[in-house]
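> Here you go, one structure.
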Amino acid sequence: MCGIIGYSGHRRASEVLMDGLKRLEYRGYDSAGIAMVEDGRLLLLKRQGELEMLQKALPKLEGRTGIGHTRWATCGRPSDRNAHPFVSCDGKLAIVHNGIIENYSSLRGRLEAEGHHFTSETDTEVIVHLLETHYAGDLRQALAETVREIQGTYAIAAVLEGSPEIAAARKENPLVLGLGVEENFLASDVTALLSYTNQVLYIMDGETVSLTPKGVTIFDMDGAVIKRE
């Protein structure tokens, strides 16, 4: 199973992401990567092989927002280019994903006809191009519109250059939020968060989330805010 970790707060995001990915190693993986907001722009780094390969290639980073992923190849062979995260054509959006996109072939054909350039063999990459198509200033709303086009299962986290926000969505793949003080987290497994917080919220099927250092807001399928203990 693949692993997801996300962070937005006051710590160096790269350190939180790498720590979380190490705690998710037990799930099995063949590649790993991170996407971070660094100096207002998106930085992407991913490597085939063990996390040590990613750690060795990782420069010292000061960014405070990012997402990370460990991948077990299902659609597309193990390689650097098939590793998550994936970035939009304009380089402003990045996503990670656990699950299977059943209608990716038809979506990819449509997106390529619209001028989108794909760099991998994966089903996941259609998500970031759909997100780019729908983005009009509201990352969470764009993700909600994106998942309406997807058939299959997913846990998705997305980031945008210049923004501390992480947007997330879930259907039949686990995703949990960790709550802190001036910092918040998300992960595919609560074990990735236990070094930082014991306050968690579970995202349910069909819900989307906006996460920043200031707080998290959960929305239902109709866009209404959900209050959850």
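The values are calculated or read from the model by the stated rules, or taken from the named source; none is laboratory data. Because the structure is a prediction, the values reported are computed rather than measured. Note that each Cβ is placed from the backbone with ideal geometry, even for glycine, and that neighbours are counted across all protein chains shown. The protein model used for the area step is the full one, side chains on, heavy atoms only, and it has no ligands, DNA or RNA in it. Shrake-Rupley method; radii C 1.70, N 1.55, O 1.52, S 1.80 Å.
> Would you call VAL200 aliphatic (A, V, I, L, M), over 26 Å from LEU43 (Cβ atoms), open to solvent by 30 Å² or more (accessible area, probe 1.4 Å) and modelled with pLDDT of 95 or more? Outline the logic, then answer.
Values: aliphatic (A, V, I, L, M): yes; over 26 Å from LEU43 (Cβ atoms): yes; open to solvent by 30 Å² or more (accessible area, probe 1.4 Å): yes; modelled with pLDDT of 95 or more: yes.
The answer is yes for VAL200.
> Residues being among the charged types (D, E, K, R) and part of a helix (DSSP H, G or I): count how many of those fall in the stretch 136-177. Before the answer, list the steps.
If we filter the stretch 136-177 for residues that are among the charged types (D, E, K, R), which is where we start, we get 138, 140, 145, 148-149, 161, 165, 170-172.
So of that shortlist, the ones also part of a helix (DSSP H, G or I) come out as 140, 145.
So the count comes out to 2.
> Quick check: is even one residue across the stretch 118-131 open to solvent by 30 Å² or more (accessible area, probe 1.4 Å) and without any contact (Cβ under 8 Å) to a residue 60 or more places away in the chain?
Applying the first criterion (open to solvent by 30 Å² or more (accessible area, probe 1.4 Å)) to the stretch 118-131 yields 119, 121.
After this cut, where a residue has to be without any contact (Cβ under 8 Å) to a residue 60 or more places away in the chain as well, the list is 119, 121.
Looking for residues that are open to solvent by 30 Å² or more (accessible area, probe 1.4 Å) and without any contact (Cβ under 8 Å) to a residue 60 or more places away in the chain, one finds at least one in the stretch 118-131, hence yes.
> Out of ILE100, ILE95, ILE127, which single residue is more than 23 Å from GLY215 (Cα to Cα) and in a strand (DSSP E or B)?
On the way: ILE95 fails: more than 23 Å from GLY215 (Cα to Cα); ILE127 fails: in a strand (DSSP E or B).
Result: ILE100 is the single residue among ILE100, ILE95, ILE127 that is more than 23 Å from GLY215 (Cα to Cα) and in a strand (DSSP E or B).
> Can you tell me which condition GLY137 does not meet? The list is (1) open to solvent by 30 Å² or more (accessible area, probe 1.4 Å); (2) under 16 Å from the mean Cα position of the chain (by Cα), and all the others hold.
Looking at each condition in turn, GLY137 falls short on (2).
> Moving to a separate point now. Exactly one of (1) among the hydrophobic types (A, V, I, L, M, F, W, C); (2) in contact with a Lys or Arg (Cβ under 9 Å, 6 or more places away or on another chain); (3) at pLDDT 95 or above is unmet by ALA57. Its number?
So ALA57 meets the others, but not (3).
> Only one of these conditions is not met by LEU186: (1) open to solvent by 20 Å² or more (accessible area, probe 1.4 Å); (2) over 23 Å from ASN103 (Cα atoms). Which number is it?
(1)
> So GLU52 clears everything in (1) in a helix (DSSP H, G or I); (2) touching a Gly at 6+ places or on another chain (Cβ under 8 Å); (3) without any contact (Cβ under 8 Å) to a residue 60 or more places away in the chain except one condition, right? Which one?
Of the numbered conditions (1) in a helix (DSSP H, G or I); (2) touching a Gly at 6+ places or on another chain (Cβ under 8 Å); (3) without any contact (Cβ under 8 Å) to a residue 60 or more places away in the chain, the odd one out for GLU52 is (2).
> When you go through (1) open to solvent by 60 Å² or more (accessible area, probe 1.4 Å); (2) under 19 Å from ILE156 (Cα atoms) one by one for VAL37, which number turns out not to apply?
With respect to (1) open to solvent by 60 Å² or more (accessible area, probe 1.4 Å); (2) under 19 Å from ILE156 (Cα atoms), VAL37 is out only on (1).
> Answer with yes or no whether ASN173 is at pLDDT below 95, among the polar types (S, T, N, Q) and either crowded, with 17+ Cβ neighbours inside 10 Å or out of contact with any Gly (no Cβ under 6 Å at 6 or more places or on another chain) (or both). Before you say what the answer is, go through the steps one by one.
On the way: at pLDDT below 95: no; among the polar types (S, T, N, Q): yes; either crowded, with 17+ Cβ neighbours inside 10 Å or out of contact with any Gly (no Cβ under 6 Å at 6 or more places or on another chain) (or both): yes.
Considered against the rule, which asks whether it is at pLDDT below 95, among the polar types (S, T, N, Q) and either crowded, with 17+ Cβ neighbours inside 10 Å or out of contact with any Gly (no Cβ under 6 Å at 6 or more places or on another chain) (or both), ASN173 comes out as no.
> Between a first residue in the stretch 6-34 that is under 14 Å from LEU45 (Cα atoms) and a second residue that is among the basic types (Lys, Arg), which pairs have beta carbons less than 6 Å apart while being 6 or more apart in sequence or on different chains?
From the stretch 6-34, the pairs are ALA13/ARG64; SER31/ARG71; GLY33/LYS46.
> Something else now. Go through the stretch 24-34 residue by residue and tally those that are modelled with pLDDT under 95 and either part of a strand (DSSP E or B) or open to solvent by 50 Å² or more (accessible area, probe 1.4 Å) (or both).
Here is the first cut: in the stretch 24-34, the ones modelled with pLDDT under 95 are 24-32.
Then drop every residue that is not either part of a strand (DSSP E or B) or open to solvent by 50 Å² or more (accessible area, probe 1.4 Å) (or both), which leaves 25-26, 31-32.
Result for the stretch 24-34: 4.
> Right, SER163: of a type in the set (S, T, N, Q), open to solvent by less than 10 Å² (accessible area, probe 1.4 Å) and in contact with a helix residue (DSSP H, G or I) (Cβ under 9 Å, 6 or more places away or on another chain) or not?
Here the answer is no, as SER163 does not meet what is asked.
> Quick one: PHE185 ticks every box in (1) in contact with a strand residue (DSSP E or B) (Cβ under 8 Å, 6 or more places away or on another chain); (2) in a helix (DSSP H, G or I) bar one, so which box is it?
(2)
> Going by the structure shown, is GLU102 closer than 22 Å to GLY223 by Cα, modelled with pLDDT of 95 or more and either touching a strand residue (DSSP E or B) at 6+ places or on another chain (Cβ under 7 Å) or surrounded by 23 or more Cβ atoms within 10 Å (Cβ to Cβ) (or both)?
Numbers: closer than 22 Å to GLY223 by Cα: no; modelled with pLDDT of 95 or more: yes; either touching a strand residue (DSSP E or B) at 6+ places or on another chain (Cβ under 7 Å) or surrounded by 23 or more Cβ atoms within 10 Å (Cβ to Cβ) (or both): yes.
When the stated conditions are applied, GLU102 does not pass them.
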